[in-house]
Amino acid sequence: MVELALVFPLFIMLFFGIVILGIGIFYQQQLTNAAREAARYASIHSATSAQPTVSKRDPSEGALAAYKPLSYNEYDRPSEGWPHMSDAARNLIFGLDPSSVNVAACWSGYIDNGTGAIDAPPDGLQVDISGTTVTYDTTFTNCTIGGHDPTTDPNLVPCNSTLASTTVDQASDMSEGTGKAVANTVTAYACYNWAPPLAG
């Protein structure tokens, strides 16, 4: 009985610690899958799609306007929390409540250093325009969610249902332009507020 009284509490702590760690790893894997599905949906349903996942940067000027479908401002908008992208991200989640998983996305891209124009080609790209070689001077600018870059400090991004309203896009949801590559990228973010059992 004495040996049991000494060993049993340690055994129980170790056992439940392993179980809780396993649950945490499982949830992390589910969120990784949700972010992957959101990024895939957003990249496939870009501005060239008939039903795009819309960024806050509107590709409505110049040559890019030709790629803007009629439903651009009517389909999957950040002001509504990207319902279609969020549904795609939550579709394969199991083991936790999908509606409690918060999803956001933001678009990063090159900005022209001379004009400040977004959706610019990559830096150093040379293009022959009417016999003159033009070299683009651009800077790749990352987007932010909740004031933080989700690619460098994801732990600082707040996890709440208003993520869409805190997104700052530095490019539109374009993957290509007329006669030039614009190399925009989408970053998807998924989070879930979880506390281990008995954590308070």
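The values are calculated or read from the model by the stated rules, or taken from the named source; none is laboratory data. Since the model is a prediction, treat every value here as computed from it, not as a measurement. Positions of Cβ are backbone-derived with ideal geometry, glycine not excepted, and every protein chain shown enters the neighbour counts. What goes into the accessible areas is simple: the full protein's heavy atoms, side chains included, and nothing from ligands, DNA or RNA. Shrake-Rupley method; radii C 1.70, N 1.55, O 1.52, S 1.80 Å.
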Residue 183: passes all of (1) at pLDDT 90 or above; (2) surrounded by 15 or more Cβ atoms within 10 Å (Cβ to Cβ) but (1)
If we keep only residues of region 24-46 that are at pLDDT below 90 and assigned to a helix (DSSP H, G or I), then the residue least open to solvent (accessible area, probe 1.4 Å) is 24
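Matching residues to (1) without any contact (Cβ under 8 Å) to a residue 24 or more places away in the chain; (2) in contact with a strand residue (DSSP E or B) (Cβ under 6 Å, 6 or more places away or on another chain):
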| residue | (1), (2) |
| --- | --- |
| 100 | no, no |
| 117 | yes, no |
| 139 | no, yes |
| 143 | no, yes |
| 148 | yes, no |
| 158 | yes, no |
| 187 | no, yes |
| 193 | no, no |
| task | State whether the residues of region 63-70 include one that is at pLDDT below 80, in a loop (DSSP other than H, G, I, E, B) and open to solvent by less than 20 Å² (accessible area, probe 1.4 Å). | result | no
Residue hits (region 124-140; loosely packed, with under 15 Cβ neighbours inside 10 Å and within 19 Å of residue 185 (Cβ to Cβ)) are 124, 139
Among strands (runs of 3 or more DSSP E) entirely within region 101-200, at least 2 residues that are more than 30 Å from residue 84 (Cβ to Cβ) and of a type outside the set (Ser, Thr, Tyr) occur in 126-129
